[in-house]
Every structure is written in structure tokens, then in C-alpha cells.
2 protein chains.
Amino acid sequence: MADIAIIGGTGPEGRGLALRWAMAGHHLILGSRDEVRARDAANSLKLIKPGIHVSGHTNRAAIEKSDCVVFSIPYEGLDQAVSDFEDCLSGKLVISVIAPMDFRSGYPKALTVAEGSAAELIQARVPGCIVTSGFQNLSAQDLLKPDTEINGDIIICGDDLESKKFTMELADCIAGLRGVDGGYLGNSKTVEGLTALILYINKQTKSRSTIKLL
Amino acid sequence: MADIAIIGGTGPEGRGLALRWAMAGHHLILGSRDEVRARDAANSLKLIKPGIHVSGHTNRAAIEKSDCVVFSIPYEGLDQAVSDFEDCLSGKLVISVIAPMDFRSGYPKALTVAEGSAAELIQARVPGCIVTSGFQNLSAQDLLKPDTEINGDIIICGDDLESKKFTMELADCIAGLRGVDGGYLGNSKTVEGLTALILYINKQTKSRSTIKLL
């Protein structure tokens, strides 16, 4: 079982993923700028599912205590966050669950990222870490209901095969989900872009659809 | 029933779509640089399914005879083809089924298009036409077997609602397929990028998967 830090661990997406991974037996460390908020978030998950291993720390302490660091923060804050923790991210597996989006036009629009994708931005800033990406299209609401089975395929991109395999296992360990090898990290652009597309479709059809490969 | 021209109508993808749309009752006009090849392709479809309305003409004649023009050519030739026929494309609905890809690295890689996507390239070059996009991820082999039901969702992007609706109906009229409103034409980038991703996944898993929204 891995020690997994969630940067942005007090947000709904971060808490949702943390809950599901903790339910699968992993040790989760929620990170926040505010240690008290991180601890509160950890305690709130223990109330949902007693017995799970979840703790709360500052983002830096969370990274230092973990093998694997999940970035679950809004894209706008990513560049700054990666710069702040560059020194302690080297050598770790970093998983990006970020989908860069803009809602100003009234509907979700995928943002163009100079590096290609949020995942590639992290890789470009911290060459010494290994980056994979996935889990961008999951409903935080569903993740936070421990008995709700979420049906869908999680497309995982990454250049390092072993890290990609580990990240696919993190998908497989959530009931109803299946990790799918989505190829090299450059494909993350397409998978991140899918989130805006799926949000648009869900808004039109008033549904909460996710993607599946048939 | 519409008069639909297929630019690149002698290629497997163009012939496959033409067969299915002709089976649904539309009048198909296969276009080619070589009129004889276009007629041969039309005749080959009539052998597969007698009684369908398919004819073969030069690309220019095909466009002039149609309400709706489908571009089914390799991305490399798109800019030139659009320039060649700019004068007769104005006022028509143009459907792009093109996914810009590069195979030089040994696996399919989505190409970056300055205009955003192949569909947006057409719209930029011919402001007087209406562009939609879709059908990038279908197997030509399956399309050409008239009794094979292809299960999947066809995500249609476009800025003009009526044209998008018509394009979605072109998906719905093929057995097993469902047209899904994929929002504005800017989303075509993501849908076109999906083709490389799905081809990669199919190669890894030795399957012929397509995408479905659950």
C-alpha cells in the first residue's frame, strides 16, 4: 500500500479521490496551505468511512511523507504550486488530475497550455519527477458517496511504464472504474480537453455521463 | 433526403460513410480528382448494396451537385483542397471527418493545428461555409460491412445549431450509432485528438474500441 499525498486535499475532488483510495487500503495524506483545514478534511473523511488511514498536513509536509503526490488544485494555481515545492517533488511520482478550463463564456472551454497540458507543465518544471495523468472527469459528488459505484474508464497517460501501471491500479481499485493505458504523456492534452467536452454534454443532457471505451 | 458529396470519396473511410448514408436513403456523390475512379468507387458500393443512390464525379462537380460536403481526405491535403474549391464551398454545409495525425514515431500522435483543428482550418479558409465535425473515430472496415452494427457515440461539434442537428441525424441514421452534441466547433480539437488516443488503445489491447458516453 502506498503513501499518497493530495495537494489540494481539502477540495471536493481531492477529498473524493482520497476517500476512495483510502477505502482501498492506501495511506492518504491530505495537503493544504492551512494545516488545520487539512486535518479537518481528514477527519471529515473518517466520519464517512471509519477505520481508513487519512491524515492532514501542510502541502510541504504531505509531499515529504509520501511516495506519490497527486495535484488536485485549480489549473490557475498549478505553476506557482509546482515552483513552491520543486525541491521536494524530485524523484517522486506526481499524478495530475487537473483539467485546465475556462468558464467565462458561460460554458466550459478547454484552455490552451503552452506546455501541451497541465501534466506536461509539471514535467517541464520538475524534470526530476515522473508525471502521469488521469481522473480528470470524475464527479466529486459521486466519489464522496462511498457506496456509489462510478461506471467508467479512466484514461492514464505517462511516459514511464511502471508509473503508468501503478496509476492504472489506482483506477482499478475504485469500484466500477477501469484504468486504460492512454499512451504517452503528450496524449494528456486530449484527455484533459475531454473534461470540458463532457461537462458541456452533461449540461445539455442534464446527465452525469462519463466516458467508456467499447 | 440530402445530396451529400464526399471529397475523398474513393478512400475506405469516405466509401464506408457513403455506403451507410446511402443505405439510409440519402443521395451520395463520391468525389475524386479522377472521375473514372469516382465512378468505379460508386459502382463498388452498388455491388455491396444494390438499389442505393450513389454516383461518382470529379470533386468539383460533386460539390456543385450537393447541399452538404464531407471532407474525408488525409489532413496533409486539406489546406490545398479547401483552397482549390473555396469558390464553390461558400453557402454549403461542410462536415469534416478528418483527424490530423502523425505516425512517424511508430504510434499515432495527434498533430497540433494552428487554427485549433482540421474543422476550424476549413472554417478559417472559407468563412462563407458552415462547418461541423464528427465521425473521426469510425472503422472504415466496419462501415463497409453493411450488416455490421457499429456501437458508439459520435460527438458532433459546430457553431450553427441547425447544421449540428443535421449532422447528428447523419450519425443517428447509421445503425448502432448515436449523435451527441459536442458543443462549439472549438471542441473539435479534443474530438479529433481522441482518434490518435483510441488508435493507440486499440493497438495495445488488440481491439477495435470506440467511445461511448455513459
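Data table
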read-out: Set B:ILE155, B:ILE201: member being in a helix (DSSP H, G or I), of a type in the set (A, V, I, L, M, F, W, C) and open to solvent by less than 30 Å² (accessible area, probe 1.4 Å); value: B:ILE201
read-out: Meets criteria (under 26 Å from A:ASP34 (Cα atoms), more than 14 Å from the chain's Cα centre (by Cα) and either of a type in the set (Asp, Glu) or open to solvent by 20 Å² or more (accessible area, probe 1.4 Å) (or both)) for A:ASP102; value: no
read-out: Close pairs (6 angstrom Cβ cut-off, 6 or more residues apart or separate chains): at positive phi in segment A:159-177, surrounded by 15 or more Cβ atoms within 10 Å (Cβ to Cβ) anywhere; value: A:GLY176/A:ILE150
read-out: Residue among A:ARG15, A:ARG20 that alone is open to solvent by 20 Å² or more (accessible area, probe 1.4 Å) and under 16 Å from the mean Cα position of the chain (by Cα); value: A:ARG15
read-out: Among (1) more than 12 Å from chain B (Cβ to nearest Cβ); (2) surrounded by fewer than 19 Cβ atoms within 10 Å (Cβ to Cβ); (3) assigned to a loop (DSSP other than H, G, I, E, B), the one test that A:GLN141 misses; value: (3)
read-out: From A:LEU30, A:LEU89, residue being touching a helix residue (DSSP H, G or I) at 6+ places or on another chain (Cβ under 8 Å), over 28 Å from A:LEU199 (Cβ atoms), open to solvent by less than 10 Å² (accessible area, probe 1.4 Å) and not charged (D, E, K, R); value: A:LEU89
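A quick yes/no check of all residues on (1) more than 27 Å from B:ALA22 (Cα to Cα); (2) open to solvent by 10 Å² or more (accessible area, probe 1.4 Å); (3) within 15 Å of the chain's Cα centre (by Cα):
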residue: B:GLY77; (1), (2), (3): no, yes, yes
residue: B:ILE95; (1), (2), (3): no, no, yes
residue: B:GLY116; (1), (2), (3): yes, yes, no
residue: B:ALA124; (1), (2), (3): yes, yes, no
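Yes/no matrix, rows are residues, columns are (1) within 9 Å of chain A (Cβ to nearest Cβ); (2) surrounded by 19 or more Cβ atoms within 10 Å (Cβ to Cβ); (3) among the aromatic types (Phe, Trp, Tyr); (4) assigned to a strand (DSSP E or B):
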site: B:THR132; (1), (2), (3), (4): no, yes, no, yes
site: B:LYS165; (1), (2), (3), (4): no, no, no, no
site: B:GLU169; (1), (2), (3), (4): no, no, no, no
site: B:ASN187; (1), (2), (3), (4): yes, yes, no, no
site: B:VAL191; (1), (2), (3), (4): yes, yes, no, no
site: B:ALA196; (1), (2), (3), (4): yes, yes, no, no
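The values are calculated or read from the model by the stated rules, or taken from the named source; none is laboratory data. Bear in mind the structure is a predicted one, so any value in this text is a computation, not a measurement. Using ideal geometry, Cβ is built from the backbone for each residue, glycine included, and neighbour counts are taken over all protein chains shown. Calculation scope for accessible area: heavy atoms of the full protein, side chains included, ligands and nucleic acids excluded. Shrake-Rupley method; radii C 1.70, N 1.55, O 1.52, S 1.80 Å.
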